[in-house]
Structure formats: C-alpha cells, structure tokens
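Step one of this worksheet: look at the structure below.
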Amino acid sequence: MPYPDLLSQALTRVRNGELPRVDGHRLFAGRGFGSRCALCDSTIGPHDVDYEIAMDEAQEAQAGPLHFHLRCYAVWAEACRGAPRHAAMKVDS
C-alpha cells in the first residue's frame with residue numbers, strides 16, 4: 001500500500017477509535033508468526049519482523065496486543081502524534 005494511503009488509513013483508524021492513540025507503551029519485536037497487522041490487515045509472516053505493542057491491562061483485555069509490520073508501526077506512531085488526544089480505542093460490546 002502506498003505511504004499516503006497507509007497514513008490516511010492510520011489517521012482514520014486512530015480518530016475513529018479502531019486503533020488506540022498510544023504513547024509510551026511497551027514494544028516487543030520478534031519473528032513473525034502469522035499475526036494480522038493492525039494497520040494493513042495483511043499477515044506478518046516468518047520472514048517479517050512482528051512489532052507487538054503491549055498496552056495497559058484494561059485495553060489489552062478488551063482488544064489483545066497490537067501487531068504491526070515495521071513500516072506499519074512507524075506510520076501508526078506518526079498518526080498517533082497527529083490524531084486528537086481524545087481519540088480512544090473502539091470497544092465492541
């Protein structure tokens with residue numbers, strides 16, 4: 001996906017609560033094992049590095065950890081800096 005489209009998607013998902021606006025949470029990186037990327041929705045395969053964001057317990061209990069490709073993580077982090085601070089993660093009931 002071209003960078004402008006990926007950034008637009010990230011901004012939209014952060015603003016509407018599908019992805020959280022997160023600062024300072026733990027980041028783990030390791031070999032991909034088939035998780036779905038939270039931004040581009042494609043699989044993070046064994047030849048990719050999986051960047052996992054560990055959120056606080058309440059957020060993680062509702063949504064689980066987030067997984068990203070490196071490029072997608074960087075774009076999401078950029079979107080978090082540009083999104084309104086009141087954006088919250090959408091929780092399905």
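The values are calculated or read from the model by the stated rules, or taken from the named source; none is laboratory data. Note that the structure is predicted; figures quoted are calculated from it, not measured. For neighbour counting, all protein chains shown are included, and Cβ atoms are generated from backbone atoms with ideal geometry for every residue, glycine included. For accessibility, only protein heavy atoms count, side chains too; no ligands or nucleic acids. Shrake-Rupley method; radii C 1.70, N 1.55, O 1.52, S 1.80 Å.
List pairs: first in segment 1-14 and more than 15 Å from H69 (Cα to Cα), second open to solvent by less than 70 Å² (accessible area, probe 1.4 Å) and assigned to a helix (DSSP H, G or I), Cβ under 7 Å, 6+ apart or cross-chain? Listed pairs, sorted by first residue: L11/A79; L11/G82; V14/A79; V14/C80.
Scanning segment 27-55 for residues that are buried (at least 17 other Cβ atoms within 10 Å of the Cβ) and of a type in the set (S, T, N, Q) turns up just one, S35. Among the residues of segment 5-26, those that are open to solvent by less than 80 Å² (accessible area, probe 1.4 Å), closer than 14 Å to I53 by Cβ and in contact with a helix residue (DSSP H, G or I) (Cβ under 8 Å, 6 or more places away or on another chain) comprise A10, R13, V14, L19, P20, R21, V22. The residue of segment 56-93 that is most open to solvent (accessible area, probe 1.4 Å), among those that are assigned to a loop (DSSP other than H, G, I, E, B) and at pLDDT 75 or above, is P65.
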